[in-house]
Every structure is written in C-alpha cells, then in structure tokens.
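The values are calculated or read from the model by the stated rules, or taken from the named source; none is laboratory data. Remember, it's a predicted structure, so these values are computed and weren't measured experimentally. Because the Cβ atoms are built from the backbone with ideal geometry, glycine has one as well, and the counts that use them run over all protein chains shown. We work out accessible area using only protein heavy atoms, side chains counted, and drop any ligands, DNA or RNA first. Shrake-Rupley method; radii C 1.70, N 1.55, O 1.52, S 1.80 Å.
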Amino acid sequence: MLTIETRGLYYKALNRQIKKSLSRGENEIVLKDVLGQRYIGGGLESTARFDIYGTPGQDLGAFMNGPEIIVHGNAQDGVGNTMNKGKIIIHGKTGEIPGHSMRGGKVFIRDDVEYRAAIHMKEYLDLVPWLIIGGTAKDYCGEYMAGGRVVVLNLGNIKGSPVGYSVGTGIHGGAIFVRGEVKEYQLGMGAIFAELDDFDQMFLKEVFEEYSRHFDADLSGIVAGEFVKITKKGHRPFAKLYTPGMNVKTDAPIHFNLTPPCAYACPTGIPTPVFFNLIKDGKVVEAQRLMDEYTPFRMSVCGTACPALCMDACNRGMIDEPLHLQEMAKKYYPDFNPDVLEEEKGQVISIIGAGPAGLSAAWQLSRRGYRIRVYDALDDLGGKVRKAIPRERLSDEALDRDIERITSLPIEFNTGRRIDRKVFEKLYKESDIVLVATGAHIARRIEYLGGERILSGLQFLMDINEGKDMDLSGSEIVIIGAGNVGMDIACESWRLGAKKVTALDVQKPFAFGHELDSAVERGTNILWPKFIEKLNSEKVFFSDGTELRADVVLFSIGEIPDTSFLPESVLIDEKGYIVTAEKSFRSSDLKICGCGDIRRPGLIADAVGSGRLAALEIYAILTGNKFIYPEKNLVPKRRINTLYFGGEEDETDRCMSCGTCIFCDKCIESCPQEAITRNGEVFTIDPLKCSLCYTCVNVCPRGAIQAEFFIDVKDAAFNE
C-alpha cells in the first residue's frame, strides 16, 4: 500500500505521481490531507483502489474506467463526470452535478448532493450507471437523463420533499427513485410518475444491500413501496419534435428579462446588471447616464447613507459574497453634469419640498424640459438627508457632490420659503401641476403620565447637524423606538458622552444594517417588548413592574406630515398622509400630486424612488399618455445557474447579471433543434422546430428565457 502526502501539492503534480505509481504496479493508494486537488482518478484504466482523506476538488473520477475511489469526507462538484466503469464511494456529501454524463459505473454518496445530480446521465451498450444518494438532492435532479438509475434514499427522513424543483427535466431514458413525497409540480418537462415493477424492486433491494456494506448502515427497515418512480413520458416523450402540435401561444419559450434581486430590492429600481454590462463593454459614460435615469443621489444615498438593500438581496452571496455595490456607486461617479434630454417646454411644475423626493422629481422633470420651481422652508437643499443623518454616516462633501449636479440643471430654487394655504393657492394657479414632497417632520408622540419631558429624536439629530450639540456626559439615555433612526440617535448619544443608552420597542425592532451594527457595537442595549406605564423626572416605569433610570428620554417612533397648507380638495387619510391610488401619485385634486413621506413613510431610497416615479407620472399626464407603473418580476433563485460562475476577480465581472440577458447565446448553442436565432438583441423561436424540451430555459445561466406561461404564474413561482 502506497501513502501519498498531498498537503500543498498542485493537482497536476499529484495526478502525475498517481499515474507513475500505477505504472510501477501499485494497486492500493492512500491520499492524505487532500484539499481541493482536481481530477483525481481522471481517465484511469485500472483496478486500483484509492482511499482519500480530506476533500477532493472538482471532477473526481472524471472519465474513470475501472478504479474504486473511497472518499473519507466530502467531495466537490462533478463527481463521476463522464465516468465509464468503476466505483466512487463518498463518506459525506458532494457539490453540484454529481454523475454528470455518467455512462457506466456506480457512485454512492452517503449524505446530500446539490443541484443537477445526474445531468445528462446515459447508458452505453450494456453499461447502466448508478447514482445513489443517501440524503437529499436539490433542483434539476436527473436533468436530461438518457439512461441510468438515480436513487434518493432520504435517510434523514426530512419533512417535505427530499428533492427540489424540475426533477427529470428533459428526461428521455433511465429512472429516478425517490424515497418520500414528490408533488407533480416538482416534475420537469417530459417527466412523469410511474409504478414500480418487479425489476425495480429487485434493483432497490440490491441498492439497499450495497449501500449498507459501504457505509455500515442498517437499511433493513426500508421497503421499495416507500419510493416514487420518475421516468420519461411515454415511448416518445418529445414526439412534437416531429409533429408540431403544441399550443404555441401558451407553451412556447420566450426571451423575457426578469428583475434581478438587486433591482427588485432597490426602491429606485436601479438595473445594476445593465450598469455593469455597459462598464464591461467600455461604455462607462453610457453607464453613468443610465444611472442618471434613476437617481441624482449616487454619492450620498446609493454610495453612503442607504442601508444597501441591493447588497442584502444579491444572489452572488450564494457563491461567495454580495457585490460591493456601494463602493461601485462611488467608483463610477460621473465627472460631468446631467444632460437635458428634451427641448424646453412651457409648462410649469411647482415642487414643494427640497428633500430627496422633491429633488429626485425635479431632476427628472427638468431634464425633460419643464420649468421647475422648487420651494422649501429651510435655507439649504437636501431635507432630512442634510439635516437628520449624522455627519459620521454622511458627510456634507458627499451630499454636496450630488446637490451640485442637481443645481446645474435649469431649476429655480426658492429656499427659506414656508408655504401656507394662501401661498399654495397662488402656486396652484401659476402651475400646470403641483407636486407636494414636504416629507414628514412632526414627531409622533404617545401621551404617557409624566411624558412631557420626552424630546423629539428628529429634532435632536437636526440640532446636532446645526452645531447645537447637547451635552450628554455621563447621562443615561432612553430612546423610545428601535428603528434605524433610533439607532442613529443612539450612536450620536454615545458620541456626545452618554454613559448608557437603551432603545425600547413594543415589537421586534425594525432596525437593520449599518445603523443597527454601529449602535450595538457602541454598547446600545435594545429591549423589547417593553410597554411604558409612566415617567418621572428620573426614571421610566414599565407595565411589567420594571423600571429604568433615564436622564434624557427621546421619541423615535416616526413622524407625520404637516398638511395644513393643502386645500380641502386633497383628501388626507386617518394617519395624516395624502391619499393616492396604489400605483399612482395623483391626489384627489387631479392637479396635485404627492410623493415621498407625505404619501407613505419609508427609507431615504424610498423617497428618491417615489420622486422619480411621480415625475414619470407627471410627464405622462402632461404629454397626454397613460402612466404605466413599472412592475418588478423577480427572477427566482432557482433560475440562476451558479455553476457558470466563480473565481472572477474584477467586481464588474462578479455580477451574475441575474434575470438580464448578456447575449451569451448558450440557449442558441444548446437548442437540440436549432429553433432559436438572434438578430442583434431580438430572439426568435421557430414554433415549428421547437420541441418544448425547455433546454433553453434550463441552460440559461441568468434566467432570462422563460416558458411563455411563466408570466401568468409568476406569483406562484416567486412564493416557492
């Protein structure tokens, strides 16, 4: 027996050493400390036995023709790729595509496998490959099988199904046996359930016995009746390949971009994959102009103050880590002023409020040629972005870069102008449309006994940004409300010398992201659920009998708008917000629109996105067109083929372009009937050639080609 120490050994050197050892007559080889070396056993024609200790890399036993490999641990992707003869036994779990294109031999995996187990498995002459999985398998198990046998034993007896979606997609030979529940909607195109026959029962009994020997397991209590059999649909599962008879209108695949998770999570809807694809093509200025279509706040909000919902949603986290989108927003910040896209128009639009919503709308409408007049009660532009976000999180310099680009447009700014009902009436007469974007600045309060000592958290933050710091040296601070603004208040309290900071909430706190992390790192204690009964000059008393010392108490439970300046023609709901239809920004007075926190409370990014959409609706109104609210159709994670990605170093290359076609043409190259053609960016699928095998749908790395009926059932698909 030969033992090879593989620690630090390059995979090519290791495989050369193995081949030399076999040529010298070695028949039993032990590989110690294996860590990621690829192609072990690849292409070997031998009866040798290999014992591997550690984790071998991709394509273990690829093209193998005879050896037996025993892995005492886990294995990576591609175990048994195009294997012809021999046996591989894994004492653990494996990654994706185990049994890829196997045409003979046996693979036994003690535990779970990832996606696309046994993809393209086939039988060759008298060789019938086995892939035996002791645990569970994820989506696309048995995809495009042309032969062989797959068994999912589900020895952990998990709740629900031990296999994922699209089981047996494109299957036209062989069989899949699953112990446990499989629903019909989990089957892929061309796959059906079938009854087990006597031969199947004999086969499964043989599998139980051999699995038990390899893993010293007791399978005596398992019977064939616990298994579901999945195989091809009839004798000619793809008969339509020869006799086109499908309902083309409802069944044919179509090229249809879906919304990537970053854009789906982003309130402004920034299409990050399109942005990155332009940069990769060397079209940096075009990419920057694309971003101008969505937001003027690339530095201050996208790059700094936003809690990065896009990064939290990024599918790249399935492989390594999300893209660093905030850094990219700053890296590719434009060094030019925005373009005015259309010629000057005569219509006047008055915008009340120069915060993120109002400025976002002004940006969009001014670029479309309208005469824009912006009014704000403050002497500065930016609203809460300027006044309420701590300078530690957002510097004046970052915000000023965005404001400078906004003020480069032909917008008339009227700061220090508080609007009352009389002034509003005048603006209403002078304007074609009035957009109200004054936000919400009146702090919500709850009346507690002794609660008159509670201060406004928003005013606390605004005073700090005006240079009116409160001396909190040695003080114990209590914050009522544990959202992200509450966390900002907590961080500022620590900075001003607080000895102890506690945030309270009646429910699970809404705080998340950088704000929550920063507050907790500084020592903020968050208590919930806590219900205040009363206060005195020193303490807060709770309904559960506990109490808390409090030198300073601040409210941070949100704000409500001031709508006192609006006419009676504008309906206000019971919470104090302007009433609009769900997908409209138009109020009950058709000449008045609302956006941002005066319509619905949200994050800064929500206000920016609200201002953009309100501007698009106003543009539609003034041009006599119908406003179509942009829908978001999230691409399901299971549509993203992570197999195609990994190892990229440049940040733009790391983007998987989820849901967004990059014209890689894999669908065209993979179509067995050559039914797909592309002319520039236009895809055409010939209904007379298309066999509904859905190879194109399943091979697309990005989920950008779908079944046509997908549009009608997308809600069900997204709730998977």
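Just for the stretch 398-547, what percent of DSSP beta bridges are antiparallel, to the closest 5?
30 percent
I'd like the Kirkwood hydrodynamic radius of the stretch 1-125, using the inverse of the mean 1/r over distinct C-alpha pairs, in Å.
This gives a value of 13.9 Å.
Sort the stretch 83-145 into rounded, prolate or oblate with this rule: let a ≥ b ≥ c be the square roots of the eigenvalues of the Cα gyration tensor; rounded if a/c is under 1.5, and if a/c is not under 1.5, prolate when a/b is larger than b/c, oblate otherwise.
oblate
Write down the accessible area per residue of the chain in Å², having rolled a 1.4 Å probe over the full set of protein chains.
Value for the chain: 45 Å² per residue.
From largest to smallest, what semi-axes in whole angstrom does the stretch 523-617 give when each is the square root of 5 times an eigenvalue of its alpha carbon gyration tensor?
Equivalent ellipsoid semi-axes, largest first: 39, 16, 11 Å.
In what order, largest first, do 626, 138, 19 sit by accessible area if the probe radius is 1.4 Å?
626, 19, 138
Please tell me the relative contact order of the chain in percent, rounded to the nearest whole number, where contacts are Cα pairs under 8 Å and at least six residues apart.
Value for the chain: 10 percent.
Do me a favour and compute the ellipsoid semi-axes for the chain from its Cα gyration tensor, root of five times each eigenvalue, largest one first, whole Å.
Semi-axes (√(5λ), whole Å): 58, 33, 24.
Rounded to the nearest 0.05, what FRET efficiency do residue 2 and residue 217 give with R0 = 22 Å and r taken as the Cβ-Cβ distance? Could you check?
Efficiency at R0 = 22 Å is approximately 0.15.
Before anything else, pin down the relative contact order of the stretch 450-592: Cα pairs under 8 Å, at least 6 apart, normalised by residue count, whole percent.
Across the stretch 450-592, relative contact order equals 24 percent.
Would you grab the residues whose amide H sits under 5 Å from the one on residue 82? Only those 5+ places off in sequence or on another chain, please, with H modelled 1.01 Å from N.
Sorted by chain and number, the residues that satisfy this are 63, 100, 101, 102.
Arranged from highest to lowest average of other beta-carbon atoms within 10 Å per residue, in what order do the peptides 88-95, 190-197 appear?
88-95, 190-197
So if I average 1/r over every pair of distinct C-alpha atoms in the stretch 576-632 and take the inverse, what Kirkwood radius in Å does that give?
11.6 Å
To two decimal places, what compactness ratio does the stretch 279-392 give when its Cα radius of gyration is scaled by 2.2 N^0.38 Å?
Rounded to two decimals, the normalised Rg is 1.24.
Which of the peptides 471-478, 627-634 is most tightly packed, and how do the rest follow, going by the mean number of other Cβ atoms within 10 Å of each residue?
471-478, 627-634
Tally Lys/Arg at +1 and Asp/Glu at -1 over every other residue whose Cβ is under 13 Å from the Cβ of residue 408; what's the total?
Neighbourhood net charge equals -3.
Could you work out [θ]222 nm for the chain from helices alone, using -39500 (n - 2.57) per DSSP H run of at least four and dividing by all its residues? Round to the nearest 500 deg cm²/dmol.
Calculated mean residue ellipticity at 222 nm is -7000 deg cm²/dmol.
Would you please give the residues with an amide H less than 5 Å from that of residue 413, counting only those at least 5 places away or on a separate chain, with H modeled from the backbone geometry?
Residues meeting the amide H criterion: 374.
For the chain, what proportion of DSSP beta bridges, expressed in % and rounded to the nearest 5, is antiparallel?
Roughly 30 percent of the DSSP beta bridges within the chain come out antiparallel.
Highest mean first, how do 339-350, 173-184, 694-705 rank when packing is the count of other Cβ atoms within 10 Å averaged over residues?
Top of the packing list down: 694-705, 173-184, 339-350.
Can you give me the Cα centroid spacing of the stretch 665-695 and the stretch 448-516 in angstrom?
When both Cα centres are located, 59 Å separates them.
Rounded, prolate or oblate: which fits the stretch 253-312, taking a ≥ b ≥ c as square roots of the Cα gyration tensor eigenvalues, rounded meaning a/c under 1.5, else prolate when a/b beats b/c?
Because a/c hits 1.5 or more and a/b fails to exceed b/c, the stretch 253-312 counts as oblate.
Where both residues lie in the stretch 472-544, what percent of DSSP beta bridges are antiparallel, nearest 5?
Roughly 25 percent of the DSSP beta bridges within the stretch 472-544 come out antiparallel.
Would you kindly derive the ³J(HN,Hα) couplings of the stretch 345-353 from the backbone phi angles with the Karplus curve 6.51 cos²θ - 1.76 cosθ + 1.60 (θ = phi - 60°), listing them in order in whole Hz, with x for Gly and Pro?
10, x, 5, 10, 10, 9, 10, 9, x
Please work out the C-alpha center-to-center distance from the stretch 386-429 to the stretch 282-338 and express it in whole Å.
When both Cα centres are located, 23 Å separates them.
With the contact rule set at Cα under 8 Å and sequence spacing of 6 or more, what percent relative contact order holds for the stretch 253-411?
Answer for the stretch 253-411 is 22 percent.
For the chain, what % of the accessible area comes from carbon and sulfur atoms, probe 1.4 Å?
Of the solvent-accessible surface of the chain, carbon and sulfur hold 49 percent.
So if I take the alpha carbon set of the stretch 115-245, get Rg, then get Rh from the Kirkwood formula, what is the Rg over Rh ratio?
My calculation of the ratio gives 0.97.
Above 22 Å lies some portion of the pair distances; for the stretch 412-533, what is it as a whole percent of all C-alpha pairs?
The share of Cα pairs beyond 22 Å in the stretch 412-533 comes to 48 percent.
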